[in-house]
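Written below as structure tokens is the structure these notes are about.
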Amino acid sequence: MEKSKMLSKIEARNKNIWQEINAADSEIIDSLLVSPIDVQKKLNEIDNEAILNQITKELQESFDLISGQSKTYEAVNYEWRYDSYDLENRAIGNAYEKCTYNFLSNSDTGPDNNWIVLDSDKPLLTGEPLYLKSLSAYLVMKSWYGELLAENQKPEYEADDYDNPYMLMFDELFKLKFFSLLDTAYANVTGVKPGYFCVALFGYWYSGIQEYITQS
């Protein structure tokens, strides 16, 4: 099976993060709440097969629901948001009837010429939403927020413990882990798929890749 563009992007980003972490000064690494070794160990402990089976099942149920409707849907969008009070919160998903992109004309040439696409990865999703089966994004993210990070918190909060580029990259590695499994799950789903599919993970940190998007 040919590798998807999104998976290539995920793998490249994952490689770049580890290169940057490995090149960091040892004093910086030693000062972090968690170590790169601990992060890699936790990532390796994630049960890929079990999570892949679960999210494939959930996606298949959602796409089967969409296929059974009299309406047609052009887009599916899921969002997961970190909740410190509920570490097993799920990604909420909706299907939308219309998926359109915002266009802006060049003011110098008038509205009929030189149209350009703005923010092409984020279309406008409209129409009455169809609520879908929620997605178990927490199965990966709780390994970070609920386990590794929670186990290494200091009694007293210090902003620098969290607000630094290496903690941000650690966070993104878990997002990338989920997205790599999601890529396989999405490929395994059968039936008609929408032209736009997005799963966004919004955590404590805003990372380089925090959305899985595929468009056709």
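Things worth noting here:
- Highest average packing first - 55-63, 31-39, 177-185, Cβ atoms within 10 Å: 177-185, 55-63, 31-39
- A value for mean projected area of the Cα convex hull in nm² was derived from the coordinates, and within the list [x] 15.6; [y] 17.9; [z] 17.1 it appears as [x].
- Span-like helix check, the chain: qualifying full DSSP H segments, with Cα axial length of 20 Å or more and mean Kyte-Doolittle of -0.5 or more, are 48-67, 165-188.
- Calculated FRET efficiency, Glu27 to Tyr204, Cβ-Cβ distance, R0 = 35 Å: about 0.90 to the nearest 0.05.
- Computed from the Cβ-Cβ distance with R0 of 41 Å, the FRET efficiency linking Asn188 to Tyr162 stands at 0.70.
- Over the chain: helical MRE at 222 nm, DSSP H runs n ≥ 4 each giving -39500 (n - 2.57), nearest 500: -12500 deg cm²/dmol
- Residue pairs, from the table Lys71/Lys142; Lys9/Lys57; Lys3/Lys122; Lys5/Lys98, whose Cα atoms sit over 30 Å apart: Lys71/Lys142
- Near-label residues of the stretch 155-194 by backbone N, under 20 Å of a point 7 Å along Cα→Cβ of Asn44: 170-178, 180-181
- Ser216 versus Glu88: modelled label distance in nm, points set 7 Å from Cα along the beta carbon direction: 3.5 nm
- Beta bridges by DSSP in the chain, antiparallel share as percent, to the nearest 5: 70 percent
- Size descriptor for the stretch 125-216, Kirkwood hydrodynamic radius: 15.3 Å (Cα pairs only, one decimal).
- Accessible area (Å², per residue) of the chain, counting only protein heavy atoms and a probe of 1.4 Å: 55 Å²
- Computed label-point distance, nm, for sites Gln69 and Gln54 using a 7 Å Cα→Cβ extension: 2.6 nm
The values are calculated or read from the model by the stated rules, or taken from the named source; none is laboratory data. Here the structure is a predicted model, which means the values were calculated and not measured. Every residue, glycine as well, gets a Cβ built from its backbone with ideal geometry; the counts of neighbours run over all protein chains shown. Note: areas computed on protein heavy atoms with side chains; ligands, DNA, RNA excluded. Shrake-Rupley method; radii C 1.70, N 1.55, O 1.52, S 1.80 Å.
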